[in-house]
Amino acid sequence: MCGIIGYCGHRPAVPLVVEGLRRLEYRGYDSAGVSFVQSGALHVLRAPGKLAGLEKKLEDENVFSATTGMGHTRWATHGAPVEKNAHPHRDHEGKLALIHNGIIENYQEIKAELCAEGCEFRSDTDSEVLVNLIAKGMKLHGGDVMQALSWALGRVEGAYAIVLMSMDHPGTLWATRVASPLVMGIGTGENFFGSDIPAFLPYTRDVVFLEDGELVRITSGSWEVFNTATLAPIAKEVQHINWDVQAAEKGGHKHFMIKEIFEQPKVIRDCLLGRIDGGGVRLAELDGVPVPERLHIVACGTSYHAGLWGMYLIEKLAGIPVQVEIASEFRYRDPILPKGGLVLAISQSGETMDTLAGIKLAKQRGLPVLGLCNVVGSSVSRESDHVLYTQAGPEISVASTKAMCSQLTALLLLALYWGGKKGTLPAADCARMVTDLAAMPDVLDDALPGLRREAQKLARHYAGATSFLYLGRGMNFPLALEGALKLKEISYIHAEGYASGEMKHGPIALIDPDFPTFAIALDDELFPKVKSNLVEVQARAGEIIGLTNEGLDLAVEHRWNVPRAAGPLSAFVTLPALQLFAYEMADYLGKDVDQPRNLAKSVTVE
Ligand code: AGP
């Protein structure tokens with residue numbers, strides 16, 4: 001997610017803003033910029049890449065008399081990470097500057113309206129559209145900034161946290177939010193905005209957490225909160241924060257991994273933004289892309305497990321034959337890639353060498369490539385013919401969690417989209433799945449704390465285990481593989497994921513009281529089969545953690561009931577349960593959860 005800081009006070013604003021952006025670097029970004037009003041002029045300076053580029057630009061500027069300023073580090077969602085797309089963005093008359101974190105879903109239609117009225121755009125971003133819409137609001141409301149903001153944001157759909165600066169009001173900043181984080185820091189003779197508390201923590205620990213639909217105006221000596229729609233004043237409580245900087249970067253969580261596990265509801269919401277409407281699926285990124293006759297999914301690690309899960313769904317809902325390949329094998333095999341096929345390269349980082357090699361092989365064979373990745377401007381996004389971004393925001397912890405959640409969301413959207421195009425999926429079935437998917441974030445928000453408590457209890461009970469067997473059938477088989485990978489990579493306990501029907505073909509020889517099994521046994525058509533596999537485990541005195549649903553007839557040593565979800569949607573509950581078990585185990589064993597030994601966040605070598 002982007003980093004935001006705004007300042008109204010008595011200190012030189014620009015150095016303070018740049019320092020605040022540096023404290024937000026952990027969030028990941030690909031360009032940065034600042035704006036300030038000085039000598040009656042509105043200054044905006046931006047640079048691609050890291051903060052050093054921006055600081056170099058600032059060296060030649062006299063920036064020390066401005067005491068109001070704002071800054072932004074951009075995590076690209078619309079438009080490549082180049083200077084013209086960096087924030088702040090000015091309106092076309094150059095009197096307003098805006099910084100924005102989020103996604104404006106209906107920016108295209110607003111942009112067309114503004115273009116028709118003579119507005120000229122310099123970037124590819126939705127943020128520049130928003131600042132020009134606010135400028136139009138200023139004209140419609142006699143230059144009143146609050147009225148203009150209220151009017152403009154009433155027309156906008158999507159997620160946003162914004163800070164606005166006006167050349168005509170040098171000592172004031174305005175901010176508002178919907179679905180993207182924004183907090184206010186209250187100082188003495190100075191006030192702050194931040195996308196996260198670390199931005200201003202060295203200056204004040206008194207914060208006001210802003211809610212969706214709240215509009216804020218600050219000066220060096222005042223702060224006021226209003227209802228964005230009605231402009232009615234809102235009373236807010238100032239809270240004192242005792243976190244240290246480290247804890248603040250993790251939103252008060254102990255590790256980035258647990259923070260990112262709890263971000264999964266937001267990740268589903270963000271991945272769906274602009275892609276579902278009226279019960280249908282709309283993937284503008286695939287406009288003009290023929291429905292493939294055959295799909296070759298190429299990926300590594302967790303992304304490979306996501307692809308395996310997607311295979312079941314795409315074959316079932318869209319009737320498209322799918323082959324899922326470990327990229328490091330695919331690149332050295334001599335795969336048969338018939339015409340009419342499509343390669344789907346899945347990669348969170350977009351920089352995994354083996355996956356990139358798979359893309360290269362596909363293109364050598366003349367097959368089109370669709371990249372499913374999380375980083376705008378990454379190698380996978382540039383090498384692919386088409387790109388679908390997962391919109392998960394930067395994933396800091398090496399162990400991938402929320403990225404997989406976003407990949408499953410995107411794969412489900414692809415299955416529904418292609419199913420609709422091919423006519424293999426009745427519209428009513430699609431609409432029901434879309435409705436259930438859109439409700440999943442709230443289900444998860446409610447379920448996650450309880451899942452964590454149960455994971456904590458089980459992790460302590462099994463902390464002495466030296467090896468685990470993970471079992472799942474059907475779409476739960478890829479999840480069993482993922483659960484085993486998570487446990488291995490952060491707790492260093494050996495674990496093996498297996499198709500539960502395959503256990504009798506060898507692994508059952510391992511079962512004994514010291515070799516516990518983690519079984520995914522949910523309320524689906526394969527439950528009876530899984531249950532009989534577990535009887536085989538128990539007949540050999542193997543202990544079982546059964547991840548299951550209330551009311552199912554399953555007698556195991558540790559029954560872990562999780563909320564029911566329809567069909568493939570159960571994965572959005574199962575996945576965090578598996579992640580939390582691994583996390584709590586690793587944390588209890590005192591491992592380096594966010595930076596496990598021997599691992600890199602992106603494997604850019606063979
Ligand atoms: C997963 O927790 C690991 N970090 C690793 O398996 C990762 O999924 C794999 O290296 C692929 O990375 P990518 O999605 O960035 O291509």
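The table that follows gives values for the structure above.
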read-out: Total residues in region 212-243, condition open to solvent by 50 Å² or more (accessible area, probe 1.4 Å) and under 25 Å from the mean Cα position of the chain (by Cα); value: 2
read-out: Check on I396, within 12 Å of the ligand (Cβ to nearest atom) and modelled with pLDDT of 95 or more; value: no
read-out: Residue within region 18-35 that is open to solvent by 50 Å² or more (accessible area, probe 1.4 Å), modelled with pLDDT under 95 and not in a helix (DSSP H, G or I) present; value: no
read-out: Only listed residue being closer than 17 Å to T390 by Cβ, within 16 Å of the ligand (Cβ to nearest atom) and among the polar types (S, T, N, Q), chosen from S303, S328; value: S303
read-out: Residue among D126, D206, D212 that alone is in contact with a Phe, Trp or Tyr (Cβ under 8 Å, 6 or more places away or on another chain) and among the acidic types (D, E); value: D126
read-out: Of all residues making up region 553-606, the number that are modelled with pLDDT of 95 or more and on the phi > 0 side of the Ramachandran plot; value: 1
read-out: Qualifying residue in region 385-400 (condition: of a type in the set (G, A, S) and touching a strand residue (DSSP E or B) at 6+ places or on another chain (Cβ under 6 Å)); value: no
read-out: First in region 564-580 and in a helix (DSSP H, G or I), second anywhere and buried (at least 23 other Cβ atoms within 10 Å of the Cβ) and among the basic types (K, R), Cβ under 7 Å, 6 or more apart; value: L578/K486; Q579/K486
read-out: Some residue of region 401-412 being open to solvent by 10 Å² or more (accessible area, probe 1.4 Å), at pLDDT 95 or above and among the β-branched types (V, I, T); value: no
read-out: Matching residues, region 261-279, being part of a loop (DSSP other than H, G, I, E, B) and surrounded by fewer than 17 Cβ atoms within 10 Å (Cβ to Cβ); value: G278, G279
read-out: Members of region 62-100 found to be polar (S, T, N, Q) and within 17 Å of D168 (Cα to Cα), listed by number; value: S65, T67, T68
read-out: Matching residues, region 581-606, being in a helix (DSSP H, G or I), within 10 Å of the ligand (Cβ to nearest atom) and open to solvent by 70 Å² or more (accessible area, probe 1.4 Å); value: none
read-out: Single match in G310, G251 (criterion: of a type outside the set (D, E) and at pLDDT below 95); value: G251
read-out: Matching option when the condition is touching a His at 6+ places or on another chain (Cβ under 9 Å) and either more than 16 Å from the ligand (Cβ to nearest atom) or among the small types (G, A, S) (or both), among P335, P321; value: P335
read-out: Per-region count, region 162-190, residues acidic (D, E) and touching a Ser or Thr at 6+ places or on another chain (Cβ under 9 Å); value: 1
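The values are calculated or read from the model by the stated rules, or taken from the named source; none is laboratory data. Model, not experiment: these values are computed from the prediction. Neighbour counts run over all protein chains shown; Cβ positions are idealised from the backbone, glycine included. Each accessible area value is taken on the protein alone, full model and side chains, heavy atoms only, with ligands, DNA and RNA left out. Shrake-Rupley method; radii C 1.70, N 1.55, O 1.52, S 1.80 Å.
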